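**Q** Input: one structure, supplied below.
The values are calculated or read from the model by the stated rules, or taken from the named source; none is laboratory data. As the structure is a computational prediction, the values presented were derived from the model and not from experiment. Note that each Cβ is placed from the backbone with ideal geometry, even for glycine, and that neighbours are counted across all protein chains shown. Just the protein is used for accessible areas: all its heavy atoms, side chains included, with ligands, DNA and RNA removed. Shrake-Rupley method; radii C 1.70, N 1.55, O 1.52, S 1.80 Å.
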Amino acid sequence: MFRGVSSRVFAAWREGVFRPLVSRPILLEYARVLAYPKFRLPTERIRSLLEVGFLPFVETVEVKSRPRVVREDPPDDEFLACAVAGRADFLVSGDAHLLALRTHEGIPIVAPAAFLQVLDRASKAPG
């Protein structure tokens, strides 16, 4: 399901290079998207993907407040809320509305390619 740069970010995640954050609303959004006809995934497969292939490898955070920042696409605010609640180092997204913000409450918002550059620099840093 991941191609190009996203597949490299996914591989780094699965290798334990970083640990993504997720909140309940984001998890529900992922389940909704995986149910799109283009993926042709039965409900049990979606459940398995999330429960076995996803949840054990992420940190679930509880979001207590949601900002109202992205007027053009309010559901994007869930990602900002999750990043803040989990004290994320980065918010990685391909979403144009989020990327246009560049930062939120001190958290850089970067495209997957920029995040790969950060990971690459970190892997080459001494220490």
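**Q** List the number of the failed condition for M1; all other conditions in (1) modelled with pLDDT of 90 or more; (2) part of a loop (DSSP other than H, G, I, E, B); (3) surrounded by fewer than 17 Cβ atoms within 10 Å (Cβ to Cβ) hold.
**A** (1)
**Q** Also, I was wondering about something else. Would you tally the residues in the stretch 11-28 being of a type outside the set (A, V, I, L, M), loosely packed, with under 15 Cβ neighbours inside 10 Å and at negative phi?
**A** 4
**Q** Moving on. Go through the stretch 94-127 and count every residue that is among the polar types (S, T, N, Q) and assigned to a strand (DSSP E or B).
**A** 1
**Q** Further question on the same structure: Got at least one residue in the stretch 68-78 being under 15 Å from the mean Cα position of the chain (by Cα) and open to solvent by 40 Å² or more (accessible area, probe 1.4 Å)?
**A** Looking through the stretch 68-78, at least one residue is under 15 Å from the mean Cα position of the chain (by Cα) and open to solvent by 40 Å² or more (accessible area, probe 1.4 Å).
**Q** Another question, then. Can you pull out the residues in the stretch 81-95 that are more than 23 Å from S7 (Cα to Cα) and crowded, with 16+ Cβ neighbours inside 10 Å?
**A** Selection gives A81, V84, A85, G86.
**Q** Pairs under 6 Å by beta carbon, first residue closer than 20 Å to E15 by Cβ in the stretch 49-67, partner at pLDDT 95 or above and of a type in the set (A, V, I, L, M, F, W, C), six or more apart or different chains?
**A** V58/V22; E59/L21
**Q** Hey, among the residues in the stretch 49-66 that are in a loop (DSSP other than H, G, I, E, B), open to solvent by 30 Å² or more (accessible area, probe 1.4 Å) and more than 16 Å from R32 (Cβ to Cβ), which one's modelled with the highest pLDDT?
**A** This residue is E62.
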